[in-house]
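Shown next, in structure tokens, is the structure this report addresses.
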Amino acid sequence: MDFTLTEAERELLGLGREYAEREIAAVAPQAWQEERCPTEVLRGLGKLGLLGLLVPEEWGGIGATTVGFVALLEALAAVDPSVAAAWQAHSTIGSLPLLLFGSDEQRERWLRPLAQGSALGAFGLTEPSAGSDVRSIKTRATRVPGGWVLNGQKAFISNAGTDMSFGVTVLARTGEASDGRPAFGSFIVERGTRGYTTGPKLRGIGWKALDTRDLFFDDVFVPDASVVGEPGAGLQQFLGALEVGRISIAALSVGLARGALRLARDYARQREQFGAKISSFQAIQFKLADMATEIEAARWLTYYAASLRDAGEPFRKEAAMAKLKASSVATQVASEAVQIFGGAGYMLESPIARFYCDAKVLEIGEGTNEIQRLVIARELGC
Ligand SMILES: Cc1cc2nc3c(=O)[nH]c(=O)nc-3n(C[C@H](O)[C@H](O)[C@H](O)COP(=O)(O)OP(=O)(O)OC[C@H]3O[C@@H](n4cnc5c(N)ncnc54)[C@H](O)[C@@H]3O)c2cc1C
């Protein structure tokens, strides 16, 4: 296990943390209340080179290790989980299909702007009737001369409707494979393409700064040049990108939990009841100690999964374990943190309320925790 950051990654982490504490912290609470994606700070992260962390320099990115990526994500999420959610969706599922499976022409045209920070990436898998059961998607791609025509709908797609969204990489049914099972392809659909429209920004319990929408495809023509990899290999591409996405959700969870712990500890050290700081009550101390211990356990699982990917080892089981553990820890820690704040923590204006509301989706997005358990059980041979 090697969790060591390179010198360059330590510098990037410092740069990202400083930007988050100065710039993101200044706009995030208001953006959350207004339910607005603050693309000005995403652009700011892009100017620092931080929108292409996992993309090699050859394609305009930084080429950090997965451990380096996780460290920065943890730092961003500790300041604001929903801006960090937009950053992580862009950096993993929004960019990786192009990096891992795209042609050089596609990387030049679409990945470079994503990595250089002028555009935001999105990943369109989920549909109204197909969430956990990804093979049941209905969006259809029909072969026509020179390309494909897409028809269908996607649900809850992040980063597709902001003023810096480039479009979406979308999964659609292309027909049947030789064994009779459905075949799927990945298609790049640019914003402004005829027949491609986005619904209004959806209103969630949390992640209010994240732009999440339904997408509609009505006879959308996609040229052959916009098909990512082999037309029949789309599902494997999407599932591969999701494995990295799970490490990313785990890191987001660890960061959120750390941020919540810090807020709760600081509050406990200044709030007085019965003539004493509440941090002097053992009941509060035990809560904080348990929260810190659980966070550290989740953190080790997350960095371990990241280090396996960096070492070129299989990491499917560990990524699922990290996501399962860390997201559960995040919801528990955020809930305990609100408890420590008492009534003040229940009010939406309170910073801890934001963390509490942002936590729940971590147990749902990029594969629910029930699905993570199924993945782990399969890897155990069940
Ligand atoms: C804020 C937000 C952002 C999102 N962003 C994106 C995005 O950018 N791109 C994208 O493609 N998707 C995105 N999603 C969708 C997300 O990945 C799905 O919501 C998630 O995979 C679950 O699918 P579902 O909501 O349809 O739930 P369902 O699959 O309908 O599940 C409902 C419940 O049944 C359980 N369940 C289902 N099957 C089983 C089973 N076999 N065994 C046991 N329990 C089971 C689930 O665990 C869950 O508890 C986003 C969702 C949210 C909320």
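The values are calculated or read from the model by the stated rules, or taken from the named source; none is laboratory data. Because the structure is predicted, anything quoted here is derived from the model rather than measured. FYI the Cβ positions are ideal-geometry reconstructions off the backbone, even for glycines, and counts take in every protein chain you see. Heavy atoms of the whole protein, side chains included, go into the accessibility calculation; ligands, DNA and RNA do not. Shrake-Rupley method; radii C 1.70, N 1.55, O 1.52, S 1.80 Å.
A simple count of charges around LEU324, restricted to other residues whose Cβ falls under 10 Å of its Cβ and scoring Lys, Arg +1 and Asp, Glu -1, yields +2. Using Cα atoms only, what is the angle between the long axis of helix 282-310 and the major principal axis of the chain, expressed in degrees (0 to 90) to the nearest 10? Relative to the chain, helix 282-310 is tipped by roughly 30 degrees. In the context of the full set of protein chains, region 191-274 has a per residue accessible area of 45 Å² (1.4 Å probe). Excluding ligands, DNA and RNA, the accessible surface per residue across region 1-125 is 36 Å² with a 1.4 Å probe. Taking the C-alpha atoms only, the angle from helix 316-341 to the longest principal axis of the chain is near 40 degrees. For the chain, a Gaussian network of Cα nodes joined below 10 Å ranks SER280, SER335, SER91 by mean-square fluctuation, and the top entry is SER280. Nonpolar atom fraction for region 145-253, defined as the carbon and sulfur part of the 1.4 Å probe accessible area, stands at 52 percent.
Overall, region 1-143 carries a charge dipole of about 640 debye about its Cα centre when +1 sits on the Cβ of Lys and Arg and -1 on the Cβ of Asp and Glu, all other atoms neutral. Is the shape of region 202-258 rounded, prolate or oblate, going by the alpha carbon gyration tensor and its root eigenvalues a ≥ b ≥ c, with a/c under 1.5 for rounded and a/b larger than b/c for prolate? Oblate. Among GLY121, GLY94, GLY232, the largest mean-square fluctuation in a Gaussian network model of the chain (Cα springs under 10 Å) belongs to GLY232. Legend: distances between Cα atoms for LYS47/LYS360; LYS208/LYS323; LYS138/LYS201; LYS154/LYS201; LYS47/LYS323; LYS154/LYS325; pairs beyond 25 Å are LYS47/LYS360; LYS47/LYS323; LYS154/LYS325. Element breakdown for region 17-106 at a 1.4 angstrom probe: carbon and sulfur atoms account for 50% of the accessible area. Structure remark: mean-square fluctuation, Gaussian network model of the chain, C-alpha springs under 10 Å; the largest value among LEU48, LEU256, LEU120 belongs to LEU48. Taking a straight line from the alpha carbon of LYS277, these lysines sit under 17 Å away, with near neighbours fewer than eight places off in the same chain left out: LYS287.
This model, with +1 at the C-beta of Lys and Arg and -1 at the C-beta of Asp and Glu, gives region 242-382 a dipole about its Cα centre of some 160 debye. For the chain, the longest principal axis of the Cα atoms and the long axis of helix 66-79 meet at an angle of about 50 degrees. When only the Cβ of Lys, Arg, Asp and Glu is charged (+1, +1, -1, -1), the dipole of the chain relative to its Cα centre reaches about 740 debye.
Region 252-286 and region 319-335 have Cα centres lying 20 Å from one another.
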